[in-house]
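Bear in mind that the values in this text are calculations on the coordinates, not laboratory data. Computed from a predicted structure; not experimentally measured. Cβ: placed from backbone, ideal geometry, glycine included. Neighbour counts: every protein chain shown.
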Amino acid sequence: MKLFQKTKIGNLELKNRFIRSATWEGMCENDFVSERLINLYEKLAKGGIGLIITGFSHVLKDANSNIGQMGIYDKKFIPKLKELTDVVHENNSKICVQLVHCGGQAVKPEGPSAIKTPFYKKIPEELSIKRINEIQDAFARASEIALEANFDAIQIHAAHGYLISQFLSPVANKRNDEYGGSLENRARFLLEIYEKIRNIVSEDFPILIKINCKDFFDNGFTENESLQVVKWLENMGINAVEVSGGMRGAKKTPIMTNIDSEEKEAYWKDYSKMFKESLEIPVILVGGLRSYHLIEKLYNESYADFFSFSRPLIKEPDLIKKWEKGNFERAKCISCNKCFIPAKKGEGIRCLTD
Ligand SMILES: Cc1cc2nc3c(=O)[nH]c(=O)nc-3n(C[C@H](O)[C@H](O)[C@H](O)COP(=O)(O)O)c2cc1C
């Protein structure tokens with residue numbers, strides 16, 4: 001039961017190696033945390049998970065892409081955000097906020113370059129240097145709000161085709177200035193955001209990153225580039241990396257369906273292994289994790305240090321508690337992605353296969 005021993009990310013003590021991966025719940029009201037969301041987090045915390053990562057929370061007003069997304073761009077959100085962190089802490093778990101700007105996918109689309117991509121609905125406005133600085137400062141301001149609201153950690157969302165991932169990807173980033181071209185230039189937007197957040201939080205406050213191992217587009221962001229970016233961040237003091245991959249319209253997407261056999265589980269595991277072999281910081285594996293004994297094997301064989309779940313916890317918020325009690329039944333989620341249907345209608349995520 002090594003997976004259930006106390007451990008740490010940076011200085012943050014965690015009761016086990018299981019994480020709720022960031023999941024847009026579609027339950028916020030005018031960007032404010034709602035009672036429904038607080039109830040859901042209470043269930044998740046009671047369900048045994050060591051760390052809950054919130055749904056992607058937008059750092060500027062029109063930087064969201066979905067309805068019911070959580071806002072973290074104004075101090076007015078703090079009291080409700082605090083209710084969310086309180087309920088998690090009262091139930092013996094920890095909570096990390098995921099910060100995002102949806103960029104070319106946002107309500108007000110703006111991106112590294114004004115071009116068409118398979119993951120944009122509209123051609124975004126190209127960001128000026130002044131606007132780049134404003135957005136980076138918004139990540140810093142959101143971090144201040146996160147501290148005041150008692151979050152235990154911050155995760156930078158650099159995956160899945162949102163703004164940071166758009167800068168990293170040569171498919172979306174065609175800039176000729178210091179933010180485009182070479183990997184160093186494409187990563188500059190992210191590295192500067194990291195620095196600005198670190199300047200707000202203390203040296204030992206955990207900052208995590210979720211990043212694509214690769215885009216899965218021809219001539220897209222590659223695994224070697226991704227690893228290099230994380231190595232730079234590691235040198236700068238980042239505390240953990242969650243390895244995801246793919247984006248809309250690419251050969252692979254982040255939320256793969258029909259994970260109905262063990263061979264299809266843990267679909268980013270070869271990349272997390274590659275990252276783990278080259279990094280000192282903890283590596284978090286997400287994507288299609290369903291079977292306890294497979295996770296144990298992946299841990300023993302050094303594929304990852306932590307294991308992160310989204311859909312299985314929509315169906316069974318108490319999955320980890322069941323495993324902790326010795327009921328090692330496979331997660332019941334069938335990876336059909338129907339949980340998105342009610343959320344897109346504004347009703348919040350819900351499993352439709354009960
Ligand atoms: C309803 C839903 C909402 C999601 N929202 C986010 C999000 O806000 N941020 C993020 O990084 N990933 C998000 N994801 C992706 C998950 O975090 C995870 O990477 C992916 O679902 C694969 O893990 P799973 O097989 O455990 O579901 C979402 C997934 C689902 C199903």
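How about the range 209-228: which of its residues are crowded, with 24+ Cβ neighbours inside 10 Å and out of contact with any Phe, Trp or Tyr (no Cβ under 7 Å at 6 or more places or on another chain)? Give the steps one after another, and end with the answer.
As a first pass, look at the range 209-228 and keep what is crowded, with 24+ Cβ neighbours inside 10 Å: 209-213, 215, 221, 226.
Across the range 209-228, the qualifying residues are I209, K210, I211, F221, S226.
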Study note, to complete from the structure: When I53 is run through (1) touching a strand residue (DSSP E or B) at 6+ places or on another chain (Cβ under 9 Å); (2) assigned to a loop (DSSP other than H, G, I, E, B); (3) within 15 Å of the ligand (Cβ to nearest atom), the failure sits at (2)
Check your understanding: Within the bounds of the range 71-94, is there any residue that is under 30 Å from R188 (Cβ atoms) and in contact with a Gly (Cβ under 6 Å, 6 or more places away or on another chain)?
Key -> yes
Check your understanding: In this structure, is L84 buried (at least 16 other Cβ atoms within 10 Å of the Cβ), out of contact with any Ser or Thr (no Cβ under 6 Å at 6 or more places or on another chain) and farther than 30 Å from K122 by Cβ?
Key -> yes
Study note, to complete from the structure: Selection from the range 98-156 of residues in contact (Cβ under 8 Å) with a residue 60 or more places away in the chain, of a type in the set (K, R) and under 20 Å from G68 (Cβ atoms) yields none
Check your understanding: Which ones in the range 276-307 are under 21 Å from E262 (Cβ atoms), away from the ligand (no atom under 16 Å from the Cβ) and among the small types (G, A, S)?
Key -> S302
Point to revise | Those residues of the range 212-239 which are under 15 Å from the mean Cα position of the chain (by Cα) and at positive phi, in sequence order | key: none
Point to revise | Residue list for the range 77-127, filter: within 29 Å of R36 (Cα to Cα), part of a strand (DSSP E or B) and out of contact with any helix residue (DSSP H, G or I) (no Cβ under 8 Å at 6 or more places or on another chain) | key: C96, Q98
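Mind telling me which of the residues L191, L127 ends up being touching a strand residue (DSSP E or B) at 6+ places or on another chain (Cβ under 8 Å) and of a type outside the set (S, T, N, Q)? Explain how you work it out, then say what you get.
Numbers: L191 fails: touching a strand residue (DSSP E or B) at 6+ places or on another chain (Cβ under 8 Å).
Among L191, L127, only L127 is touching a strand residue (DSSP E or B) at 6+ places or on another chain (Cβ under 8 Å) and of a type outside the set (S, T, N, Q).
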Revision key, fill the gap. Over the range 205-225, the set of residues in a helix (DSSP H, G or I) and touching a helix residue (DSSP H, G or I) at 6+ places or on another chain (Cβ under 8 Å) is E223, E225
Check your understanding: If you check every pair at least six apart or on different chains, which have Cβ atoms under 7 Å apart with a residue in the range 9-29 that is touching a residue at least 12 places away in the same chain (Cβ under 8 Å) first and a residue that is among the basic types (K, R) and within 11 Å of the ligand (Cβ to nearest atom) second?
Key -> A22/K210
Review point. N66: under 21 Å from the mean Cα position of the chain (by Cα), within 16 Å of the ligand (Cβ to nearest atom) and in contact (Cβ under 8 Å) with a residue 24 or more places away in the chain, yes or no?
Key: yes
**Study point:** Residue list for the range 246-268, filter: within 12 Å of the ligand (Cβ to nearest atom), surrounded by fewer than 20 Cβ atoms within 10 Å (Cβ to Cβ) and under 20 Å from Y299 (Cα atoms)
**Key:** K264
Check your understanding: Would you pick out the residues in the range 29-43 that are surrounded by 24 or more Cβ atoms within 10 Å (Cβ to Cβ) and hydrophobic (A, V, I, L, M, F, W, C)?
Key -> V33, L37
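With respect to V97, determine if the residue is touching a Phe, Trp or Tyr at 6+ places or on another chain (Cβ under 6 Å), away from the ligand (no atom under 16 Å from the Cβ) and over 24 Å from N185 (Cα atoms).
Numbers: touching a Phe, Trp or Tyr at 6+ places or on another chain (Cβ under 6 Å): yes; away from the ligand (no atom under 16 Å from the Cβ): no; over 24 Å from N185 (Cα atoms): yes.
So V97 does not fit the description; no.
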